[in-house]
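Read the structure below first, then the notes.
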Amino acid sequence: MDMQRKLWLGLIGLFFVAVGLRVIAPSDLYDNDQPKTVAYTVDMVRHGHWALPVDMLGRAATKPPMFNWISAPFVAIFGASEITLKIP
């Protein structure tokens, strides 16, 4: 195996280790404003409010929706769970 191939395999392995550690790390979904972010994503998926989602109390979003747009496909496919909300 040449050096370049070993380097690529090492980088790919390091990437999967980093992603794995991030997924199993403690979550901050229940702290600060994270419940609002989760509510925005779920509102996008369930009600189709892609431009201006609302939180769990029906208030309009106070954060830009970029993270929610990235997260919504995972929630739509796999459901709203802690792991799918942490993927982005």
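The values are calculated or read from the model by the stated rules, or taken from the named source; none is laboratory data. From a predicted model like this one, the values you see are computed outputs, not experimental measurements. Here the Cβ positions follow ideal geometry from the backbone for every residue, glycine too, while neighbour counts run over all protein chains shown. When the accessible area is computed, the model is the full protein with side chains, heavy atoms only, and any ligands, DNA or RNA have been set aside. Shrake-Rupley method; radii C 1.70, N 1.55, O 1.52, S 1.80 Å.
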Those residues of the stretch 52-86 which are in contact (Cβ under 8 Å) with a residue 60 or more places away in the chain and surrounded by 13 or more Cβ atoms within 10 Å (Cβ to Cβ) amount to K86
Could you please give the count of residues in the stretch 1-24 that are modelled with pLDDT under 85 and part of a helix (DSSP H, G or I)? 3
Has the stretch 42-51 got any residue that is open to solvent by less than 30 Å² (accessible area, probe 1.4 Å) and modelled with pLDDT under 90? no
Answer with yes or no whether K36 is of a type in the set (D, E, K, R) and not in a helix (DSSP H, G or I). no
On the basis of being of a type in the set (K, R) and at pLDDT 90 or above, does K36 make the cut? no
